[in-house]
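Trainee: Pasting a structure below so you can have a look.
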């Protein structure tokens, strides 16, 4: 009997050691302990959701908005929301709504800003369309802004330029520079 115990002692020690290692690996997973990647650290990852519908309909706000996204990531403090493959609808009181579709964005609850980017396509209820790579919606101002190239198309014209400021409530659009306008209607002179 003593002979068998000495023969298998190293194997028994290795087995106990493997059981302890497996226990700590499983315990580490249950507690969420894992080595963080760079993107997790940068985004402050808290909670990840798929296919969400988020509505802001505060009665004190003049512009209501709705966000549908394929993937959403909340920061640990829940103040930043990162989203991918989205549709954002801005609904001002008694004005045409704006629907924006794009690749990614971020909503900062503290500042009330929604920063969207990635092949943005915008549609207004009154038939106008906008294309750009980046837009910043500022809730306090009720404005959309960008410094990049912009194209706006309507039923009778299209405008290309660089930089945009849009006051959603007052329905004022300013293109900052490099403006080219094309009229798409027949002008008949009598």
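Trainee: Could you identify the single residue in 90, 67, 47 that is over 27 Å from residue 150 (Cα atoms) and touching a strand residue (DSSP E or B) at 6+ places or on another chain (Cβ under 6 Å)?
Mentor: Values: 90 fails: over 27 Å from residue 150 (Cα atoms); 67 fails: over 27 Å from residue 150 (Cα atoms).
Going through 90, 67, 47 in turn, just one is over 27 Å from residue 150 (Cα atoms) and touching a strand residue (DSSP E or B) at 6+ places or on another chain (Cβ under 6 Å): 47.
Trainee: Give me the pairs, please: first residue somewhere in the stretch 173-188 and more than 18 Å from residue 144 (Cβ to Cβ), second residue anywhere and modelled with pLDDT under 85 and outside any strand (DSSP E or B), beta-carbon distance under 9 Å, and either six or more positions apart or on two chains.
Mentor: 183/156; 184/155; 184/156; 185/155; 185/156
Trainee: Does residue 67 satisfy being under 23 Å from residue 175 (Cβ atoms) and either assigned by TED's automatic domain parsing to the domain that holds residue 162 or modelled with pLDDT of 90 or more (or both)?
Mentor: It is false that residue 67 is under 23 Å from residue 175 (Cβ atoms) and either assigned by TED's automatic domain parsing to the domain that holds residue 162 or modelled with pLDDT of 90 or more (or both).
Trainee: Right, residue 94: part of a strand (DSSP E or B) and in the same structural domain as residue 52 (by TED's automatic domain parsing) or not?
Mentor: No; evaluated as a whole, the condition is false for this residue.
Trainee: On to the next question. Which residues, counting only those in the stretch 144-168, are more than 16 Å from residue 133 (Cβ to Cβ) and either loosely packed, with under 13 Cβ neighbours inside 10 Å or more than 23 Å from the chain's Cα centre (by Cα) (or both)?
Mentor: Listed by number, the residues that qualify are 153, 154, 155, 156, 157, 158, 159.
Trainee: Among the numbered criteria (1) crowded, with 18+ Cβ neighbours inside 10 Å; (2) closer than 22 Å to residue 60 by Cα, which single criterion is violated by residue 141?
Mentor: So residue 141 meets the others, but not (1).
The values are calculated or read from the model by the stated rules, or taken from the named source; none is laboratory data. Since the model is a prediction, treat every value here as computed from it, not as a measurement. Cβ coordinates were reconstructed from backbone atoms using ideal geometry, including for glycine residues, and neighbour counts include every protein chain displayed.
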